[in-house]
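One structure below.
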Amino acid sequence: KLTKAPNRQVYNAILKALMKLEDPLSAEVWMERMRSSGFPPNAESWTLLTRAYAMVDDEHGALGALEAMKAEGTMPGVAEYNTMMMLYARRGDQANTEIWFNRCRSAGLMLSEASFIAMIHVSLRNGKTQSAVKWLQMMINSGLHPQHWPFLIAIHVSQEEDSQLTVSDALSCAEEMMKAIVHSKVRPTRITQIYFNKLAAMGGQRE
């Protein structure tokens, strides 16, 4: 229970909690309360609302949040573009994931690690391992480090029932990605090695 009138920071904390609860409709209610209290939503508020919709795979809601964001005078940033990329990547929608990647670049925004991870994710989801390696190499060439995410994604995607990525292909792809990372002279992190080893063990179990 709130004991005093919340400020924007408190409202955003509530929105963040609702995002984690995957409750975009309640987030909309609190956005309206935020406005009524004299605190127009800021960039962080819109990012949280857009992500709340994306987490429940509500494309219409996420796009509506972006339109409302622009209508209220805040232009989408890389976080919103990345959110849309991941929404489509989880669906295996290669075309729309790449469309939003290119829109982000065309908007003059600096692509982030999450931008490239979304492209790696959708490539793996569709069993396009060479495409995944290509996007990882582009990421490295852009001065960004993939950390452990491609390997963690490969593990999860290879276990999804409707995925086109087999464990064997995931392992082969992981080996190519690890070579690219090592070749770039970036030392793999400990957690990267842990996920790589886990995938290797899964591959061995399937032989």
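The values are calculated or read from the model by the stated rules, or taken from the named source; none is laboratory data. Quick caveat: nothing in here was measured; it's all calculated off a predicted structure. Using ideal geometry, Cβ is built from the backbone for each residue, glycine included, and neighbour counts are taken over all protein chains shown. Just the protein is used for accessible areas: all its heavy atoms, side chains included, with ligands, DNA and RNA removed. Shrake-Rupley method; radii C 1.70, N 1.55, O 1.52, S 1.80 Å.
For the reader, a short list of remarks on this structure follows.
- Test: residue in region 39-54 that is open to solvent by 50 Å² or more (accessible area, probe 1.4 Å), touching a helix residue (DSSP H, G or I) at 6+ places or on another chain (Cβ under 6 Å), basic (Lys, Arg) and within 24 Å of Met119 (Cα to Cα): yes
- Selected residue (criterion: surrounded by the most Cβ atoms within 10 Å (Cβ to Cβ)) from residues of region 66-93 that are in contact with a Ser or Thr (Cβ under 9 Å, 6 or more places away or on another chain) and over 17 Å from Cys104 (Cα atoms): Gly92
- Counting only residues that are open to solvent by 30 Å² or more (accessible area, probe 1.4 Å) and closer than 13 Å to Phe196 by Cβ, region 133-147 holds 1 of them.
- Residues of region 118-130 that turn out to be more than 12 Å from Met177 (Cβ to Cβ) and open to solvent by 10 Å² or more (accessible area, probe 1.4 Å), as a count: 5
- Pair list, Cβ < 7 Å and 6+ apart or interchain, from region 66-94 residues that are closer than 13 Å to Ile117 by Cα to residues that are among the hydrophobic types (A, V, I, L, M, F, W, C) and surrounded by fewer than 19 Cβ atoms within 10 Å (Cβ to Cβ): Tyr81/Leu109; Asn82/Ala114
- Residue pairs meeting the criteria (Cβ under 6 Å; at least 6 apart or on separate chains; first touching a residue at least 12 places away in the same chain (Cβ under 8 Å), in region 179-193; second open to solvent by 70 Å² or more (accessible area, probe 1.4 Å)): none
- Qualifying positions in region 74-133 - of a type in the set (Lys, Arg) and either part of a helix (DSSP H, G or I) or modelled with pLDDT under 95 (or both): Arg90, Arg91, Arg103, Arg105, Arg125
- Qualifying positions in region 94-117 - open to solvent by less than 50 Å² (accessible area, probe 1.4 Å) and of a type in the set (Val, Ile, Thr): Thr97, Ile117
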